[in-house]
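Working notes, beginning with the structure itself.
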2 protein chains.
Amino acid sequence: MTLDLAGDPVALTAALVDFPSVSGTEGPLADEVFRALEGLKRYEVTRDGDTVVARTNLGRPHRVVLAGHLDTVPIAGNVPSRREGDLLYGCGTTDMKSGDAVLLHLAATVEEPAHDLTLVLYDNEEVEASKNGLGRVGRNHPDWLAADFAVLLEPTDGTVEGGCQGTMRAKVTTHGKRAHSARSWHGVNAIHAAAAILDTLNAYEARQVDIDGCVYREGLNAVAVSGGVAGNVIPDRCEVTVNFRFAPDRSEAQAEAHVREVFAGFDVEITDSAPGALPGLSAPAAANFVAELGAPVQAKLGWTDVARFASLGIPAVNFGPGDPNLAHQAGEYVDTRKITEAVQALRRYLAAD
Amino acid sequence: MTLDLAGDPVALTAALVDFPSVSGTEGPLADEVFRALEGLKRYEVTRDGDTVVARTNLGRPHRVVLAGHLDTVPIAGNVPSRREGDLLYGCGTTDMKSGDAVLLHLAATVEEPAHDLTLVLYDNEEVEASKNGLGRVGRNHPDWLAADFAVLLEPTDGTVEGGCQGTMRAKVTTHGKRAHSARSWHGVNAIHAAAAILDTLNAYEARQVDIDGCVYREGLNAVAVSGGVAGNVIPDRCEVTVNFRFAPDRSEAQAEAHVREVFAGFDVEITDSAPGALPGLSAPAAANFVAELGAPVQAKLGWTDVARFASLGIPAVNFGPGDPNLAHQAGEYVDTRKITEAVQALRRYLAAD
């Protein structure tokens with residue numbers, strides 16, 4: 001097969017969906033994408049594993065990254081794609097082969113872009129972070145990603161999602177003293193002691209923070225609790241795992257200090273964390289993007305790969321045609337009108353000034 | 001070997017310890033016990049599996065059971081027995097071959113007992129209740145156990161422990177609504193909701209109840225807690241397992257009603273329970289026992305096989321030479337002076353009136 005990048009972007013979406021690329025098996029699709037971009041002549045195309053990177057070198061004042069992952073979650077009887085009226089059904093229709101199609105279609109059809117462009121089509125976004133192709137390229141070839149602004153074409157239903165919140169998990173542990181439950185007063189019940197942790201969580205008032213017009217809403221929640229030795233033993237240990245989602249005006253260190261302050265007096269262990277990313281919408285390349293698109297801007301509350309660009313000092317947003325609520329579902333579909341609209345909106349930005 | 005029942009009860013204890021009988025392997029020891037009791041002539045000796053039952057038929061006004069289990073927990077490098085001064089070390093020295101030796105020695109040496117006697121040496125006390133030899137005989141041959149009073153020679157360090165508390169476990173569950181933890185306000189956190197369960201447990205005031213001079217001390221405790229779906233999901237379910245230890249003036253049904261009242265409004269499921277046993281020390285045969293022994297009487301807080309006799313309508317107590325704190329330990333030992341004292345105390349009772 002040959003990918004027809006310049007034709008109908010809806011047909012291109014269907015062609016990409018019909019080319020399975022579950023995480024770890026992106027190789028053949030990456031080959032096709034590499035070949036198609038090379039065929040356009042105006043890009044310098046390179047590759048790291050199954051991540052394809054294509055760059056223009058037009059000497060424009062700003063460079064913009066357009067990025068999308070090639071992989072999908074496992075297929076659930078929903079390939080090949082199926083069209084019903086305006087809707088296109090199939091694995092990856094929303095997350096995110098429609099975004100990839102918009103990206104590739106613009107790459108082929110914007111002949112005189114206002115910015116130099118870097119296209120990144122990467123592998124292994126749907127699996128553990130250590131395998132993520134964007135992260136790997138950032139480590140192996142940070143120069144390939146150098147840019148003033150990045151747009152990830154993840155599903156946002158046509159809105160612009162700026163930055164992302166950080167996430168941190170901590171284990172908050174109570175300690176007691178074991179005893180036979182028939183003589184419980186000889187022990188100290190660590191599960192009973194965990195009431196104070198849960199009371200703290202119930203009383204916690206989460207912040208809402210406005211940054212560059214994006215409202216971030218923090219949250220501190222128990223996501224796991226475990227304790228108990230045996231059915232006749234007063235337990236000497238109870239662990240509550242809490243997840244703190246924090247706005248990007250806090251660094252990881254500040255987030256940790258906050259969690260430790262909230263649970264002062266308890267045994268607190270930070271088990272994992274990932275920093276947030278400021279929306280950076282006041283940077284010129286980003287402000288221009290928002291102005292040209294005229295799309296609503298909102299905070300991204302979950303953690304996404306925009307944080308990888310932020311860690312490289314590049315402001316980044318998500319903007320894509322898919323509906324994020326349909327991602328990873330067997331009944332996944334994309335409204336094809338959103339594909340056309342996304343192409344039009346991004347074309348205004350890429351071909352402007 | 002032949003067991004010398006009439007000789008030194010300390011030597012008899014050592015002989016029983018040196019004859020391994022870990023739960024499930026009591027057969028050879030039960031054979032020896034059967035043969036030794038038959039040799040005494042004045043008992044009608046019978047058997048169910050590895051449980052030996054021997055009964056006098058002297059037409060006395062009351063019948064008293066003396067019972068002990070033949071099995072031990074697994075040997076931990078502590079067989080054969082070893083004597084150091086007044087202490088005899090080895091697996092089962094305290095739990096409960098010293099008690100068995102007292103029982104068998106009295107069987108052989110009290111020639112004119114004041115009460116008809118039923119001796120029960122049973123298997124599989126140290127393993128799951130369904131295998132318990134006393135329970136099995138109670139189901140297969142309840143008439144073998146018919147009596148006015150029962151003494152179990154379990155380790156009590158020479159005190160009389162009356163009745164036993166009941167035990168009940170219940171699962172108290174909270175329900176919530178799942179959501180991504182980045183948008184926690186779309187969910188309802190079931191772990192946070194469990195704060196109310198733990199607050200209830202912390203505020204609970206346990207009863208103390210005096211029955212026949214035995215003070216029972218109840219307790220209501222969490223023994224396990226679990227909840228959590230994934231590190232990024234607001235959990236929709238949290239289970240707290242509570243263990244209620246209740247005085248024997250409550251039936252199981254009353255105990256259940258109490259637990260349901262304490263946790264009114266929560267989803268409560270009773271997962272297992274065992275009834276308590278009233279000390280029954282006001283019954284003539286039991287009152288007589290306490291008076292003759294002159295030993296201190298206290299409530300048994302844990303659950304023991306006296307409850308099996310109680311379920312047959314027979315008041316029962318624990319009274320034995322071993323120290324219960326040493327049971328099931330590799331360094332298990334019995335103070336041999338306690339063996340002699342127990343023989344003397346029980347002889348006063350069995351040979352009295």
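Quick notes
- Some residue of the stretch A:314-328 being surrounded by fewer than 24 Cβ atoms within 10 Å (Cβ to Cβ), in contact with a His (Cβ under 8 Å, 6 or more places away or on another chain) and closer than 23 Å to residue A:149 by Cα: no
- Answer from B:34, B:19 - the residue that is of a type in the set (Phe, Trp, Tyr) and touching a helix residue (DSSP H, G or I) at 6+ places or on another chain (Cβ under 8 Å): B:19
- Any hit, the stretch B:286-297, residues being within 14 Å of another protein chain (Cβ to nearest Cβ) and assigned to a helix (DSSP H, G or I): no
- Where residue A:205 falls short, out of the listed (1) assigned to a loop (DSSP other than H, G, I, E, B); (2) at the interface with another protein chain (Cβ under 9 Å from one of its Cβ atoms): (2)
- Residues of the stretch A:15-30 satisfying the condition of being open to solvent by less than 20 Å² (accessible area, probe 1.4 Å) and part of a helix (DSSP H, G or I): A:16, A:17, A:27, A:29, A:30
- Boolean, residue A:93 is under 16 Å from residue A:312 (Cα atoms) and open to solvent by less than 10 Å² (accessible area, probe 1.4 Å): no
- Filtered residues of the stretch B:1-37 (kept if over 21 Å from residue B:338 (Cβ atoms), charged (D, E, K, R) and touching a residue at least 12 places away in the same chain (Cβ under 8 Å)): B:26, B:32, B:35
- Any hit, the stretch A:240-254, residues being buried (at least 20 other Cβ atoms within 10 Å of the Cβ), of a type in the set (A, V, I, L, M, F, W, C) and closer than 22 Å to residue B:239 by Cα: yes
- Only residues that are part of a loop (DSSP other than H, G, I, E, B), aliphatic (A, V, I, L, M) and more than 18 Å from residue A:83 (Cα to Cα) were counted in the stretch A:303-353, giving 3.
- Strands (runs of 3 or more DSSP E) contained in the stretch A:31-116 and holding at least 1 residues farther than 24 Å from residue A:143 by Cβ and more than 22 Å from the chain's Cα centre (by Cα): A:82-84, A:87-89
- Residue A:210, sole failed condition from (1) more than 7 Å from chain B (Cβ to nearest Cβ); (2) touching a strand residue (DSSP E or B) at 6+ places or on another chain (Cβ under 6 Å); (3) surrounded by fewer than 18 Cβ atoms within 10 Å (Cβ to Cβ): (2)
- Residue match in the stretch B:180-201 (condition: open to solvent by 10 Å² or more (accessible area, probe 1.4 Å), at pLDDT below 95 and away from chain A (no Cβ under 11 Å)): no
- Residue A:161 meets the stated requirement of being in a strand (DSSP E or B), open to solvent by 10 Å² or more (accessible area, probe 1.4 Å), more than 8 Å from every other protein chain (Cβ to nearest Cβ) and under 30 Å from residue A:100 (Cα atoms).
- Within the stretch B:214-239, the residues that satisfy the criterion of being in contact with a helix residue (DSSP H, G or I) (Cβ under 8 Å, 6 or more places away or on another chain), part of a strand (DSSP E or B), more than 7 Å from chain A (Cβ to nearest Cβ) and surrounded by 18 or more Cβ atoms within 10 Å (Cβ to Cβ) are B:220, B:237.
The values are calculated or read from the model by the stated rules, or taken from the named source; none is laboratory data. In this text, all values refer to a predicted model and were calculated from it rather than measured experimentally. Heads up, the Cβs are rebuilt from the backbone with ideal geometry, glycines too, and the neighbour counts pull from every protein chain shown. All accessible areas refer to the heavy atoms of the entire protein, side chains included, with ligands and DNA or RNA removed. Shrake-Rupley method; radii C 1.70, N 1.55, O 1.52, S 1.80 Å.
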